[in-house]
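So the structure is just underneath, and the comments pick up after that.
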Amino acid sequence: MASHLPSQKYLSTRGGSYGLTFEEAVLKGLAADGGLFIPEEIPALPSNWFQAWKDLSFQELAYEILSLYISPSEISSADLRELINRSYATFRHPEVTPLHDLLPEQHLHLLELFHGPTFAFKDVALQFVGNLFEYFLQRKNKNIKEGEQRHQLTVIGATSGDTGSAAIYGLRGKKDVSVFILHPKGRVSPIQEAQMTTVLDSNVHNVAVEGTFDDCQDIVKALFSDPVYNKTRNLAAVNSINWARILAQITYYFHSYFNIARKYSSAEEVPAIHYIVPTGNFGDILAGYFGKRMGLPIERLHISTNANDILDRFVKTGVYEKHDSTGAVVDEDGVQADTSGVKETLSPAMDILVSSNFERLLWYLALEAEAGNTDKAAAGSIVNAWMNSLKATGRTKVSAAVLDTCRRDFGSQRVSNEETVSTIRNIFTDPATKAYILDPHSAVGVAGALRVIAAEKEKDAARFERSQFIALSTAHPAKFSMAVDLALNEIEGYGFEELVRPKEFIGLEDREKRVSVLDRADKELVRALVEEELAKEYAA
C-alpha cells in the first residue's frame, strides 16, 4: 500500500494479521487470531506541532491527529473534516471536552468528558464511530443495483453501562446497520438502562444477560472469533476493542494539554502534566499512552481503579490475573485486593475482571522490552503466549524488564467504595470547588489524583509547584444518583433534582422500553436471538 504510511496500516497484537487498512481494521473490530488492531507504527508529531496546533479547536485538533492514522486515499481530507464536525456538533459544550479548574491550590483540573448526547465520555468516540460506519456503508452500497444484496453491518457490543447508550445514540436509525447491545441484568444504573432500552428504533436491540459484564464481553469476543459467522453477518464492534474508539479519544489529551500550555511560548516551558484516569477496560488511558508515544509531553499516566483491581495488581506485581492468588496486594486504603471475581461497586462501569485494551499496551511493552523494539513478529508471539496463559490458567506473569517499562509511563491507585463516597462529599463541601458534584467514576479518578498530588509534594515540593494534574471526569453525576445521594443526602444545600438532574433525564425512566432477557450467559442463545431479530428487521 504505497498510499499508506506505516502509521496508517494495522496489525494484530497476536501476530496473525499485518498490513490492514484503517477501514478493514475498523469494520473487522477484532482480528481473526483474537488479537486487537494497532498501527504498525505510532506516528511522531510534526516538528512544529506546538506552535501549529496550540490554538486549534477540538475539531481542528481531531483532524490533525486522525490524519496521521488514516490515509487520505481511504478518507479524503474534506470527508474527514466533515465526519469530525458532524460527530461533535451533537455536544452541548462549545469546547466539546472543557477543562475545569477543580482545586487550584492543588493544581488539580477536571477534564469534563460528559457533554455528549448520553452524558458520558464514550460519546467522544462513538459519535465518530457511528458516522464512520455510515460513511463506509454508503460508499460500499453506492453502486448497488436494485435487487442486489446491500452491504449490511451487524454491530454486537457489550456494555457495563455507558458504551451501550453511546453506541445506540451513535447508530440509531442508520441505514444498513443493526445494533445488538448486551448488558449485565441489574448491574447498570437505572438511568443507563433507560437510556438504552427506551430507544425504540427498529435497528436497535437491547439484550439483558444474567451474569457480569465480563460474561457479556466474552460472548461478543467469541462471536467475533467465529470466522464463518463473522463473515456471514459482517460483524462490527463498538466496544473499545475497535481501534477507532481509541483513536478518537487521543484528541482530548492534546486539547486539555493545550488548555494549560497555550499561554507558554514553547513546549519546554510548559509545567509537567500528570493525567489520572478512572480505568476499567483500559481504553481511556490507552489513548493517553498513544498521545505520549506520539510526543505529547505527558509526565505520567496514573491508573485509578475501584475494587476490581487487575490493573493495579499488575503495576504493583507484574502478574496479570483474574483473581489475586496471593492476597498480597493491600492498597493505601487498607482494603485487601478482591479475590472473589467481579465485585459490585458504586462505580459499575469499571466493574470489570479483565481489561481488554490492556493487550494493546502489552504488545508495545513486549516490543520494547523483549523484542529489541524492532521485531514485531516476536512481540506478537509473546503477547499470544501471554493471552493463551491468561485463558488457560487465569493468569500470566511478565518479566522484570516488561514491568519496569510499564512503570516508566504508568502509576496506579486502587480506590474503595468508602473513599469514593468521601471524595464526592469532600469535593462538594470544599469552598474552593463551589459545590462541584462528581459522579462515582470521576470520584475514583479524583481520589487517585489527590494521592498522586500528596506523593509528589512529599517527594519534591519545588517540582510540585511546577506541575499540573488532570483527572478525567467520565460521566455526569445524574447517571449515578444512588452513589451521589449516598454521599450528599445529609449535606445542607444538596438536592438531586435542583442541582444534578438535567432536563434530558426527566421522565426518561417512565418511557416505553424494549429489551430481551436471557436467563444465562450463553453464546448460542445470543446468536439465536440475533438471527431471530435480524429476520424480523429484514422482513419489515
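The values are calculated or read from the model by the stated rules, or taken from the named source; none is laboratory data. Fair warning: this is a prediction, and the values are worked out from it, not measured in the lab. With ideal geometry, Cβ positions are generated from the backbone for all residues, glycine too; neighbour counts draw on all protein chains shown. Ligands, DNA and RNA are stripped out before the accessible areas are found, and what is left, the full protein with its side chains, is counted by its heavy atoms. Shrake-Rupley method; radii C 1.70, N 1.55, O 1.52, S 1.80 Å.
Filter the range 427-442 for residues that are closer than 27 Å to residue 122 by Cβ and over 26 Å from the mean Cα position of the chain (by Cα); which is surrounded by the fewest Cβ atoms within 10 Å (Cβ to Cβ)? My answer is 435.
Of the residues 64, 24, 60, the single one that is over 26 Å from residue 262 (Cβ atoms) and of a type in the set (Asp, Glu) is 24.
Looking at this structure, is residue 378 open to solvent by 20 Å² or more (accessible area, probe 1.4 Å) and in contact with a helix residue (DSSP H, G or I) (Cβ under 9 Å, 6 or more places away or on another chain)? Step through it out loud before you land on a result.
Values: open to solvent by 20 Å² or more (accessible area, probe 1.4 Å): yes; in contact with a helix residue (DSSP H, G or I) (Cβ under 9 Å, 6 or more places away or on another chain): yes.
Yes, satisfied.
Do we find that residue 36 is crowded, with 16+ Cβ neighbours inside 10 Å and in contact with a strand residue (DSSP E or B) (Cβ under 9 Å, 6 or more places away or on another chain) in this structure? Give the steps one after another, and end with the answer.
Working: crowded, with 16+ Cβ neighbours inside 10 Å: yes; in contact with a strand residue (DSSP E or B) (Cβ under 9 Å, 6 or more places away or on another chain): yes.
Against the criterion (crowded, with 16+ Cβ neighbours inside 10 Å and in contact with a strand residue (DSSP E or B) (Cβ under 9 Å, 6 or more places away or on another chain)), residue 36 qualifies.
Looking only at the range 110-127, count every residue that is surrounded by fewer than 24 Cβ atoms within 10 Å (Cβ to Cβ) and not acidic (Asp, Glu) and tell me the total. Don't jump to the end; show me each part of the working.
Of all residues in the range 110-127, those surrounded by fewer than 24 Cβ atoms within 10 Å (Cβ to Cβ) come to 112, 115, 117.
Adding the requirement that they be not acidic (Asp, Glu) leaves 115, 117.
Residues flagged as surrounded by fewer than 24 Cβ atoms within 10 Å (Cβ to Cβ) and not acidic (Asp, Glu) within the range 110-127 amount to 2.
Residue 178 fails exactly one of the following numbered conditions: (1) at pLDDT 95 or above; (2) assigned to a helix (DSSP H, G or I); (3) in contact with a strand residue (DSSP E or B) (Cβ under 6 Å, 6 or more places away or on another chain). What is the number of that condition? Against the list (1) at pLDDT 95 or above; (2) assigned to a helix (DSSP H, G or I); (3) in contact with a strand residue (DSSP E or B) (Cβ under 6 Å, 6 or more places away or on another chain), residue 178 comes up short only on (2).
Given the residues 450, 534, which is the only one that is farther than 23 Å from residue 189 by Cα, open to solvent by 10 Å² or more (accessible area, probe 1.4 Å), outside any loop (DSSP other than H, G, I, E, B) and touching a residue at least 24 places away in the same chain (Cβ under 8 Å)? Spell out the reasoning first.
Details: 534 fails: open to solvent by 10 Å² or more (accessible area, probe 1.4 Å).
After ruling out the rest, the residue left standing is 450.
Close Cβ contacts (under 7 Å, 6 or more residues apart or on different chains) running from residues in the range 501-514 that are at negative phi to residues that are open to solvent by 70 Å² or more (accessible area, probe 1.4 Å) and modelled with pLDDT under 95 comprise 509/190.
Can you tell me which residues in the range 273-302 are open to solvent by 20 Å² or more (accessible area, probe 1.4 Å) and either assigned to a strand (DSSP E or B) or β-branched (Val, Ile, Thr) (or both)? I'd like the intermediate steps shown before the answer.
The initial filter retains those residues of the range 273-302 that are open to solvent by 20 Å² or more (accessible area, probe 1.4 Å), namely 281, 292-293, 295, 297, 299-300.
Those that are open to solvent by 20 Å² or more (accessible area, probe 1.4 Å) and either assigned to a strand (DSSP E or B) or β-branched (Val, Ile, Thr) (or both): 299, 300.
When the range 229-244 is filtered for residues that are part of a loop (DSSP other than H, G, I, E, B) and among the small types (Gly, Ala, Ser), the ones remaining, listed by number, are 237, 240. Highlighted here are the helices (runs of 4 or more DSSP H) found entirely within the range 348-436 that include at least 2 residues which are closer than 24 Å to residue 33 by Cα and of a type outside the set (A, V, I, L, M, F, W, C): 358-370, 376-393.
Sub-9 Å Cβ pairs linking a first residue in the range 397-412 that is at negative phi and among the basic types (Lys, Arg) to a second residue that is modelled with pLDDT under 95 and open to solvent by 20 Å² or more (accessible area, probe 1.4 Å), at least 6 apart or interchain, number zero.
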